[in-house]
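Let me begin by presenting the structure, written as structure tokens, before commenting on it.
Taken together, the values in this text are just the output of simple stated rules run on the coordinates, not laboratory data. Quick caveat, the model's predicted, so the values are computed rather than measured. Here Cβ is always computed from backbone atoms with ideal geometry, including for glycine, and neighbour counts include all displayed protein chains.
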Amino acid sequence: MSHDPRDPERMRQMAKDEKLQSRAHELFLDSCRYNYSYNYSWLGRPVIQYPQDLMALQEILWRVKPDVVVETGIAHGGSLVFSASMLELIGRGRVLGVDIDIRPHNRAAIENHPMARRISMIQGSSVDDAIAARVRDETRGAKAVVVVLDSNHTHAHVLRELELYSPLVTRGSYLIVLDTVVEDMPKEFFPNRPWGPGDNPRTAVREFLRSNRRFQIDREIQDKLLLTTAPEGYLRCLAD
Ligand SMILES: C[S@@+](CC[C@H](N)C(=O)[O-])C[C@H]1O[C@@H](n2cnc3c(N)ncnc32)[C@H](O)[C@@H]1O
């Protein structure tokens, strides 16, 4: 077995290993029972992600070196700080976060963070046309844009976000749709949520890709992560 981190054949072999895949899925489901995605912070801010997805984002940011990262869903700001810290190491770029409800203590912590100079925030619904127009204005002229969708996880909401924000993503860059894994999870995991199997980011991505040819699922990413909240959610932009 090769040790080359970029050997696609190794990823394909992993993807075909049914035992490995099913054990990984079991582990994923068991970890969700403990809200595992809430276990971590990045440079002091809680980040609601699996570490594998942050690794994938790091690889994408280093490869794309975006001028702007747009992320819907700020929560405590950990993912904004994560992207901002990567851009700080790259030496350029900024992060624009959108959230319907930026709690004052989260806003204060983000605004006082050492990475704050690379972060701006907009409060409002990501599917509000006026908010989307502000995001468009802020990204105008950018040569490379990455978009991460991690707000409300219903089909209708994510599909609208895909319509509004996918045009911002530049060729060679990525549109990342998190929590597509909801489709593979039992309904009981979402007792108080408007989303669940049949109505979630994955169903939205599938509908979006039926008519959009600019994006293609990058299966190599999900294959190598093994544990991810975003199967079929790493979308590579193929065209201007
Ligand atoms: C899963 S959390 C985001 C986690 C964050 N990206 C991270 O990695 O730490 C979801 C966030 O989406 C926000 N949200 C829910 N509905 C929204 C909407 N319509 N527009 C924008 N943000 C929304 C919530 O307020 C919440 O902060």
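Based on DSSP H runs of at least 4 residues, each adding -39500 (n - 2.57), what is the mean residue ellipticity at 222 nm of the chain after dividing by all its residues, to the nearest 500 deg cm²/dmol? Walk me through the numbers before you get to the answer.
Working: 9 runs with 99 residues, N = 240.
Only helices count here, giving -12500 deg cm²/dmol.
What fraction, in whole percent, of alpha-carbon pairs in segment 100-240 exceed 25 Å separation?
Values: 3240 of 9870 pairs.
When all Cα pairs of segment 100-240 are counted, 33 percent exceed 25 Å.
I need L43, L54 ordered by Cβ neighbour count within 10 Å, fewest first.
Numbers: L43 14, L54 18.
Placing the least packed residue first, the sequence is L43, L54.
State log₁₀ I(q)/I(0) for segment 36-86 at q = 0.14, 0.23, 0.28 Å⁻¹ as given by the Debye formula over alpha-carbon point scatterers of equal weight, solvent excluded.
For the requested q values the scattering log ratios are -0.32, -0.85, -1.20.
With viscosity set to 0.890 mPa s at 25 °C, what whole-number translational diffusion coefficient in µm²/s follows for the chain from Stokes-Einstein and a Kirkwood radius over Cα pairs?
Values: Rh = 18.2 Å.
Diffusion coefficient, whole number: 135 µm²/s.
Which whole-number percent is the relative contact order of the chain (Cα, under 8 Å, 6+ apart)?
Numbers: 427 pairs, mean separation 45.1, N = 240.
Relative contact order here is 19 percent.
Could you tell me which trypsin sites (Lys or Arg not before Pro) in segment 8-109 are loop residues by DSSP with no more than 14 other beta carbons within 10 angstrom of their beta carbon? Spell out each step's value before the answer.
Details: sites: R10, R12, K16, K19, R23, R33, R63, R92, R94, R107; in loops: R33, R92.
Here the sparse-neighbourhood loop sites are R33, R92.
Quick one: work out Rg over Rh on the C-alpha atoms of segment 1-144, Rh as Kirkwood radius. Walk me through the numbers on the way to the answer.
On the way: Rg = 17.6 Å, Rh = 17.1 Å.
Rg divided by Rh gives 1.03.
Where Rh is the Kirkwood radius over the Cα pairs of segment 157-240, the temperature 37 °C and the viscosity 0.692 mPa s, what D in µm²/s does Stokes-Einstein return? If you can, show how the numbers build up before the last one.
Values: Rh = 13.2 Å.
The calculation lands on 249 µm²/s.
I want to verify a result. In a Gaussian network model of the chain, Cα cutoff 10 Å, which of these has the top mean-square fluctuation: E26, E161, E183?
E26
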